[in-house]
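Data block below; observations after.
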Amino acid sequence: MNIKENVVIHKVFGEGTVVDHTDNYLTVLFNVGEKKFVYSDSFKNFLKAKDSELNAKILNELAEIERQKIEAEQEKKRFALLERERLAEQQAVQRTPKVKIYPRENIAFKCNFCDGGKTAESIGFNGLCSDEIIRHNVKVKRPSCSSDYSPCKKYYDGEIKSYDELKEIVSKDYDNFVCYESIMLRDWKASAGIAQTGEPMRLMKVQVNSLAVLTTRLLYESDENRFIFAVFLVDETYEGDTREEGYVSTNSNYKIELTPTEAKELKFWNYYFCANAPEVIKFGSGLHRYLSDEQAAQILRDIAEVKKGTAQEELAQEFFEYFCKINGIDIESIPQNNGALMR
């Protein structure tokens, strides 16, 4: 059904005229300007046709589309189940070892604080750290910072004579700079890191459409004040092996960076707790923690709230609703936060 040139009503923007309707998208002209919406989602949540008959037809059409999607998904699951059973039988006959399948989970990364590129609007993680941060991270032996290959370590040891010289060296080969945190918000990529034993760490449970949560704490602050400074929806993942650590990244539009002021409102321990020691508020030596869909949804819900009144308000709300939709989460039933700080 093409509803171009029809009048629709938006909960916030009021009446507008549909000026374009192609594939699954609508473009509506309101008094405040043009807005683009996903056709199916918008009429469930934000829009309705001014003509009641047309609105009923639209809702009936969307209900039929949803029914067909559900049937297709059920058929897909049935086929997948039959295929898994067939493969299991084949493996039993061949006596091949079973491959362990991990359930999909979301992930929170423990990131060393990087103030490279820090402004009033950006927390950092996009450039060379300040002199103070470099010296601190090398002194406390942060793995990437204190590596013999690190230019920051060479600067700390006096092989590189000045901070200006260090900046010049790094700028010539910034793509290969040893500290992945310094390009984290440029490339939107997070790595599992290197264990204290020197072995690359693997990411066993992260899959496409998992939520990646980037956390850090300011210099000299306790882990109780660890905050979330960015999130993104994973669309590429590498489990890792004995030579290279696992990583996740994204090229999608579903990525949000928080300003320093916003980030301090999103304390990580408001959402997460260790099941074996729920009273402990410390990340420890581990470089990442897995989160449930419920915890991930709580984080996205609160980011949408924090972003109200900003340029990213619409994206934050869309991100939250999309994540809930693809994971079958009822937005109205998401419980209150239950992290270690809330107990």
key: Dimensions (Å) - region 1-99, Cα atoms, principal axes, largest first   = 68, 26, 21
note = Tilt, helix 293-306 to longest principal axis of the chain (alpha-carbon atoms), in degrees rounded to tens, equals 90 degrees
ask   = When only Cα pairs under 8 Å and 6 or more residues apart are kept, what is the percent relative contact order across region 1-99?
value = 18 percent
task = Read phi for every residue in region 215-232 and hand back ³J(HN,Hα) as whole Hz from Karplus 6.51 cos²θ - 1.76 cosθ + 1.60, θ = phi - 60°, with x for Gly and Pro.
result = 10, 7, 9, 6, 3, 6, 8, 6, 5, 4, 9, 4, 10, 8, 10, 6, 9, 8
inquiry  = Explain nothing, just compute: Karplus ³J(HN,Hα) = 6.51 cos²θ - 1.76 cosθ + 1.60, θ = phi - 60°, for every residue of region 132-149 in order, whole Hz, x for Gly and Pro.
reply    = 4, 5, 4, 5, 5, 5, 6, 4, 8, 6, 4, x, 6, 6, 9, 5, 4, 8
query = Reachable lysines from LYS44, Cα under 16 Å, same-chain residues fewer than 8 places away excluded?
reply = LYS11, LYS36, LYS57, LYS69, LYS325
request  = Stick to Cα atoms and the Kirkwood definition of Rh, then tell me Rg/Rh for region 130-178.
outcome  = 0.92
request  = In vacuum, with every alpha carbon of the chain counted as one equal point scatterer, what does the Debye formula give for log10 I(q)/I(0) at q = 0.06, 0.10 Å⁻¹? Two decimals, please.
outcome  = -0.29, -0.76
key: Reachable aspartates and glutamates, given that their alpha-carbon falls under 16 Å from the alpha-carbon of LYS189 and they are not under 8 places away in the same chain   = ASP175, GLU181, ASP235, GLU236, GLU239, GLU244, GLU245, GLU257
key: From phi via Karplus (6.51, -1.76, 1.60), per-residue ³J(HN,Hα) for region 57-73 in Hz, x at Gly/Pro   = 5, 4, 5, 5, 5, 5, 5, 5, 4, 5, 4, 5, 5, 4, 5, 5, 5
request  = Divide by every residue of the chain the summed helix terms, -39500 (n - 2.57) for each DSSP H run of at least 4, and state the resulting mean residue ellipticity at 222 nm, rounded to the nearest 500 deg cm²/dmol.
outcome  = -10000 deg cm²/dmol
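Where a number appears in this text, it was derived from the coordinates with a stated rule and is not lab data. Just so we're clear, the structure is a prediction, and the values are computed from it rather than from any experiment.
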